[in-house]
Amino acid sequence: MLAIVEDLYARFARYRLPPNVVVCEQCGPQWTAADIRATPLRSLSLLQLEALHVMSLEDSDFRHFFPRLIEALLEEKSPVFAFDLRRLRGRVPSWPARESAVVTSLVDSLWDELLRGYPAELGYFSDSPTLIDFTYWCDQPVQVYLDRWQSIDTVPAAEHIGELVEWAFTVREPIEPAVTQPVLDWLRQPVIGERLGSANLEAAEELWRVCGR
């Protein structure tokens, strides 16, 4: 993931720190705008980005912080609740081609890395429900990634399917509503049961047989 993070910084380098940066007094009372201006972009913490309300910024201002946001989320080891990343939806298609292309490469890289091992070491992006949401919010074709996942007959890929099966049929908090039904339809395919069975994921396979057929 190091290479794609560097690509993000390179592609978005032309966006400068907003001249009138504002720090929320409730979210970041320990920092001032001067503190943010004095801090190198790559040293900003998630808490500082939260205090800047980066997801609410105008698009060009947001793109200054976007590479650092992704890098910091990759580094984060605990759940992140402060960022409504669904606000990404609809932005990426309006960006210049080279910028939208690097976002596509980001999503590709996240999926490749996620399915390579289990558990994944991708910070915020370490579970498939989160990555499915992020893929949709980046205006990338979720079905394409699901189909690619289905074709990978490895134990780590199956273990991630097992995790998604558990989420889909036991968790009450929904995935992004726009992709919930396509994900459930994908999970109901017989090949999903085959993948779980070949990986000897008996509990997930039984849950799939009871709830997913």
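The values are calculated or read from the model by the stated rules, or taken from the named source; none is laboratory data. Source: prediction; values computed, not measured. Using ideal geometry, Cβ is built from the backbone for each residue, glycine included, and neighbour counts are taken over all protein chains shown. Just the protein is used for accessible areas: all its heavy atoms, side chains included, with ligands, DNA and RNA removed. Shrake-Rupley method; radii C 1.70, N 1.55, O 1.52, S 1.80 Å.
Looking across the stretch 16-37, the residues that are open to solvent by 80 Å² or more (accessible area, probe 1.4 Å) and more than 25 Å from the chain's Cα centre (by Cα) come down to 19, 20, 22, 25, 26, 29, 30, 37.
When we screen 119, 129, 156 for residues that are out of contact with any strand residue (DSSP E or B) (no Cβ under 7 Å at 6 or more places or on another chain) and open to solvent by 50 Å² or more (accessible area, probe 1.4 Å), the only hit is 119. Between 184, 164, 196, 207, the distinction of being closer than 23 Å to residue 104 by Cα and among the hydrophobic types (A, V, I, L, M, F, W, C) belongs to 164 only. Quick one: would you say residue 84 is among the acidic types (Asp, Glu) and surrounded by 18 or more Cβ atoms within 10 Å (Cβ to Cβ)? Criteria not met by residue 84.
In the stretch 88-103, the condition of being in a helix (DSSP H, G or I), over 16 Å from residue 55 (Cβ atoms) and open to solvent by less than 20 Å² (accessible area, probe 1.4 Å) is met by at least one residue. Of the residues 47, 110, the single one that is part of a helix (DSSP H, G or I), under 20 Å from residue 123 (Cβ atoms), aliphatic (A, V, I, L, M) and open to solvent by 40 Å² or more (accessible area, probe 1.4 Å) is 47. Just one of (1) out of contact with any Asp or Glu (no Cβ under 7 Å at 6 or more places or on another chain); (2) at pLDDT below 95; (3) not polar (S, T, N, Q) fails for residue 133. It is (1).
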